[in-house]
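Structure in structure tokens, see below.
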Amino acid sequence: MLLRSSLAESVPSMPRSRWQWRIRVGCLVCLMLVYGLLMWRMTHTPRSHNERAAASAAMLRIPVKLLAPERIVPAPVAPPIVLEAPPPAVFAPPVLNRGHHD
């Protein structure tokens, strides 16, 4: 089935109702109310609902073993690179045709 931006002529249009905009506004108000209640509950309730769990979490001891990082031995210094001069470039002399050109 091809997706089209316009409906076919065979598809009937939805009937318009005088309550249609009121229903949309009512849905938006309900969504805003639910979102507002959720945000209020998240910001105004205590962080932990169980006092015993909050107390045990506050006193939690985690053993940590502190070790100094291992020393990395630096690599030995590389010997200096000796640069050699390239061999001289040898080219054949150019061919010069003097006189008339055909």
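Would it be correct to say that LEU66 is assigned to a loop (DSSP other than H, G, I, E, B), at pLDDT 80 or above and under 38 Å from the mean Cα position of the chain (by Cα)?
For LEU66, the condition - assigned to a loop (DSSP other than H, G, I, E, B), at pLDDT 80 or above and under 38 Å from the mean Cα position of the chain (by Cα) - is met.
For (1) surrounded by 10 or more Cβ atoms within 10 Å (Cβ to Cβ); (2) in a loop (DSSP other than H, G, I, E, B); (3) modelled with pLDDT under 90; (4) among the aliphatic types (A, V, I, L, M), each residue gets a yes or a no:
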residue	(1), (2), (3), (4)
SER5	no, yes, yes, no
PRO12	no, yes, yes, no
PRO15	no, yes, yes, no
ARG71	no, yes, yes, no
PRO74	no, yes, no, no
ALA92	no, yes, no, yes
HIS100	no, yes, yes, no
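The values are calculated or read from the model by the stated rules, or taken from the named source; none is laboratory data. Since this is a predicted model, take the numbers as computed values, not measurements. Neighbour counts are summed over all protein chains in view; Cβ atoms, including those assigned to glycine, are modelled from backbone coordinates with ideal geometry.
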